[in-house]
Amino acid sequence: MIRVRFAPSPTGALHLGGARTALFNWLFARRHQGKFILRIEDTDRQRSTQEDIKAILDGMEWLGLDWDEGPNLGGPFGPYFQTERLEIYQKYAQQLLDSGKAYLCFCTPDELAEKRKQAEARKEAPRYDGQCRKLSSAEIEKLKDSKIPRVIRFLMPAGEVTLVSDLIRGKVEFENDVLDDFVIMKSDGFPTYNFAAVVDDHLMEITHVIRGDDHLSNTPRQVLLYQALGWNPPVFAHIPMILGPDKARLSKRHGATSVIEYKTLGYLPEAVFNYIAKLGWGHKDQEVFSRQELTELFSLDGVTKNAAIFNYEKLNWLNGHYIRAALPERIVALCEPLLLEAYGQQDFNYLSRVVKLFLDRLKLIPEIVPLTEYFFKDDFAFEEKAVNKYLKTEEAPQILKLLKERLSKVEPFARDEIEKVFKALVEELKLKLGNLIHPCRAAVSGRTETPPMYDVLEVLGKEKVLKCLAAQISH
């Protein structure tokens, strides 16, 4: 049984890189009929918050990344919050102490800071010098009695090389002498990341650890912990980082990084789902994937070693695709609160008809507000180009006057009847259709581009259309 996990630290909302890691794990589990476990690594007591836990769960749910075991569900390997598993970590830390593979360290923060300072002066990488390795049993008991705060350090096997076999990176070797005796249990009784992750992954029977390649440097320490505890490590797969367009690590300066921010910005979850699945993975030249296709096609063989570059243009294009593919009523429901906030109370049927005119033009949901201004306001803004090119011509007043006269007689004021008026005037005046459409569009919308003109006029309604034409004729 394939068992994978996503184990975020609740020190912020679910960011894009974390969401991509969760998605790759979710797809891998679903592809192999395995289990996807959500574990909250909340041992950073200063930074972990309930609000951030909620933000992570909300982000996962918005993307549709359901978990088989974890918060709100439970499961046979719980608890799924690390702060509820402290006794478990203490048990295995004691096992390492008893076997001589870990030791108590009584060095104070000030002493450690001084050691770091001395190492920097020697132009060496700061690493613990193993001073407390040499303590006798009597010295240890004396220090324990004095109540000096202590940590538990892992005893690094010296002079050896630790091999990490990675499904994406291949075989990577790390010299143990470069790694120091790292802390596994802090003085407050809480585990460090490397130790807790190993204990949890083993006890939760995780078969594959799929995570960002910024964790690759942690892996030799974790492999050594597995070996010291007599456990077989899982299969590791470190996926490439996500970079901004400038090739720097993706951050807030590149735009939104929180998944929920993308919801606020007007992206559909299926567009974000599709897009982040493509960050570092691909299948031939295909760009658009349904959730079912991704579940069937995803493979770690398709994950690249190179960093993925985030591209807003491609995400926006995908979002536009999914807006067009969605049920119109769903897009109306997403647009409605934005339009009501911008333009006040509106007749829902009218609002719905307006939104449906723009379904093939939207890339982001909030774009609906500026695009539809002329449907909801009488004093809408005019584009300078529309005025100069189509309303300031010699023939514009006469054309608008004829259109107003003919359209005033149209009943019902429907698309097909409106089209007949334009075609009749084209024949009568021996003009091209654009000579009528463009000044009419500019008069009723103030724009050079709108949805199809006959549809726009029908939705605007006879009263408003005639009012707009009259206003331009009188200029």
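Of all the criteria given as (1) surrounded by 15 or more Cβ atoms within 10 Å (Cβ to Cβ); (2) closer than 30 Å to Glu270 by Cα; (3) modelled with pLDDT under 95, the one not satisfied by Ala119 is (2). Applying the criterion of at least 2 residues that are among the aromatic types (Phe, Trp, Tyr) and modelled with pLDDT of 95 or more to the helices (runs of 4 or more DSSP H) found wholly in the stretch 7-114 leaves 16-31, 86-98.
Applying the set (1) farther than 25 Å from Arg30 by Cα; (2) touching a strand residue (DSSP E or B) at 6+ places or on another chain (Cβ under 8 Å); (3) among the aliphatic types (A, V, I, L, M) to Ile210 leaves exactly one unmet item: (1).
Every residue, every condition in (1) within 19 Å of Asp347 (Cβ to Cβ); (2) touching a residue at least 60 places away in the same chain (Cβ under 8 Å), yes or no:
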{"residue": "Glu367", "(1), (2)": "no, yes"}
{"residue": "Phe375", "(1), (2)": "yes, yes"}
{"residue": "Glu395", "(1), (2)": "no, no"}
{"residue": "Glu419", "(1), (2)": "no, no"}
{"residue": "Leu425", "(1), (2)": "no, no"}
{"residue": "Leu433", "(1), (2)": "no, no"}
{"residue": "Ile437", "(1), (2)": "no, no"}
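Applying the selection to the stretch 247-279, what residues are surrounded by 20 or more Cβ atoms within 10 Å (Cβ to Cβ) and of a type in the set (Ser, Thr, Tyr)? Of everything in the stretch 247-279, those that are surrounded by 20 or more Cβ atoms within 10 Å (Cβ to Cβ) and of a type in the set (Ser, Thr, Tyr) turn out to be Thr257, Tyr262, Tyr267, Tyr275. Can you work out which of the residues in the stretch 2-55 that are within 20 Å of the chain's Cα centre (by Cα) and acidic (Asp, Glu) is surrounded by the fewest Cβ atoms within 10 Å (Cβ to Cβ)? The qualifying residue surrounded by the fewest Cβ atoms within 10 Å (Cβ to Cβ) is Glu51.
Is it the case, given these coordinates, that Pro157 is part of a loop (DSSP other than H, G, I, E, B), in contact (Cβ under 8 Å) with a residue 60 or more places away in the chain and of a type outside the set (Val, Ile, Thr)? Yes; evaluated as a whole, the condition is true for this residue. Within the stretch 193-214, the residues that satisfy the criterion of being among the β-branched types (Val, Ile, Thr) and buried (at least 20 other Cβ atoms within 10 Å of the Cβ) are Val198, Val199, Ile206, Val209, Ile210. Got at least one residue in the stretch 58-79 being surrounded by fewer than 21 Cβ atoms within 10 Å (Cβ to Cβ) and under 29 Å from Tyr128 (Cβ atoms)? No, because not a single residue in the stretch 58-79 is surrounded by fewer than 21 Cβ atoms within 10 Å (Cβ to Cβ) and under 29 Å from Tyr128 (Cβ atoms).
The residue pairs whose first member lies in the stretch 235-246 and is crowded, with 17+ Cβ neighbours inside 10 Å, whose second member is part of a loop (DSSP other than H, G, I, E, B) and among the charged types (D, E, K, R), and whose beta carbons are closer than 8 Å, counting only pairs six or more residues apart or on different chains, are His238/Arg169; Pro240/Lys305. Among the helices (runs of 4 or more DSSP H) confined to the stretch 244-347, the ones with at least 3 residues that are outside the structural domain of Arg169 (by TED's automatic domain parsing) and modelled with pLDDT of 95 or more are located at 269-277, 291-297, 312-325, 328-343. Considering only the stretch 221-228, I want to know if a residue exists there that is more than 17 Å from Thr207 (Cα to Cα), modelled with pLDDT under 90 and out of contact with any Phe, Trp or Tyr (no Cβ under 6 Å at 6 or more places or on another chain). No, the conditions are met nowhere in the stretch 221-228.
The values are calculated or read from the model by the stated rules, or taken from the named source; none is laboratory data. All values reported here derive from a predicted model rather than from experimental measurement. Cβ atoms come from the backbone with ideal geometry, glycine included; neighbour counts cover every protein chain shown.
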